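Step one of this worksheet: look at the structure below.
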Amino acid sequence: MRILVVNPNTTAAMTAKIGQAARRCAAPGTEIVAMTSVHGPVSIEGYFDEAMSLAGLLQTIGQAEDFDAVVIACFDDTGLDAARCLTDKPVIGIGEAAYRCAAMLSNKFSVVTTLARSVPALEHNLAR
């Protein structure tokens with residue numbers, strides 16, 4: 001199993017930490033390939049940054065070597081639908097994964113963010 005974990009922003013140090021965390025959680029024999037978006041903003045903090053990151057995110061996924069699944073490593077699930085249109089492989093965002101896990105464990109849960117401008121995108125994703 002080879003999982004592509006894509007950081008849709010351009011901060012390589014963040015991608016390195018994401019890759020380390022994913023490798024600690026991966027099943028034995030699972031290869032984690034962490035990649036940084038080829039271009040876009042250094043941080044994604046709302047709809048504008050998301051829009052500016054899409055081309056780089058999709059280019060990164062499109063140019064990646066063979067993989068079995070994609071994880072988008074941005075809590076607002078940047079480019080999730082577009083990535084699903086790009087590949088026939090399973091694609092999941094870390095926000096979506098967290099919401100689904102929380103929903104299985106409890107009747108209700110909260111999402112905490114430090115940025116007010118992130119709230120509309122997170123609310124939209126929760127409604128989906």
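Each reported figure results from applying straightforward, stated rules to the coordinates on display, with no laboratory input. Keep in mind that what you see is a predicted model, and the values were worked out from it rather than measured. Positions of Cβ are generated from backbone atoms using ideal geometry, with glycine treated the same way; all protein chains shown enter the neighbour counts.
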query: Of all the residues that make up segment 85-110, how many are loosely packed, with under 15 Cβ neighbours inside 10 Å, outside any loop (DSSP other than H, G, I, E, B) and within 14 Å of the chain's Cα centre (by Cα)?
result: 2
query: Can you name the number of the only condition in (1) under 12 Å from the mean Cα position of the chain (by Cα); (2) not in a strand (DSSP E or B) that ALA34 fails?
result: (2)
- prompt: From the list ALA73, ALA26, ALA34, ALA13, which one is under 20 Å from ARG128 (Cα atoms) and among the small types (Gly, Ala, Ser)?
  reply: ALA73
query: Taking SER53, is it without any contact (Cβ under 8 Å) to a residue 12 or more places away in the chain and either of a type in the set (Gly, Ala, Ser) or crowded, with 19+ Cβ neighbours inside 10 Å (or both)?
result: no
task: Report whether or not LEU126 is among the hydrophobic types (A, V, I, L, M, F, W, C) and farther than 27 Å from ARG2 by Cβ.
output: yes
query: Checking THR113 against (1) under 16 Å from VAL6 (Cα atoms); (2) surrounded by 13 or more Cβ atoms within 10 Å (Cβ to Cβ), which single condition isn't satisfied?
result: (1)
field: Near pairs, Cβ below 8 angstrom, 6+ apart or cross-chain, from segment 87-104 (free of Cβ contacts under 8 Å to residues at least 60 places away in the same chain and aromatic (Phe, Trp, Tyr)) to any residue that is part of a helix (DSSP H, G or I) and surrounded by 13 or more Cβ atoms within 10 Å (Cβ to Cβ)
entry: TYR99/ASN125; TYR99/LEU126
query: Can you tell me which residues in segment 38-65 are farther than 26 Å from ASP88 by Cβ and in contact with a helix residue (DSSP H, G or I) (Cβ under 8 Å, 6 or more places away or on another chain)?
result: PRO41, SER43, GLU45, GLY46, TYR47
- request: Could you please tell me which pairs satisfy a Cβ distance under 6 Å, a separation of 6+ or placement on different chains, a first residue in segment 32-47 that is more than 15 Å from ALA13 (Cβ to Cβ), and a second residue that is of a type in the set (A, V, I, L, M) and assigned to a strand (DSSP E or B)?
  value: ILE32/ILE3; ILE32/VAL5; VAL33/LEU4
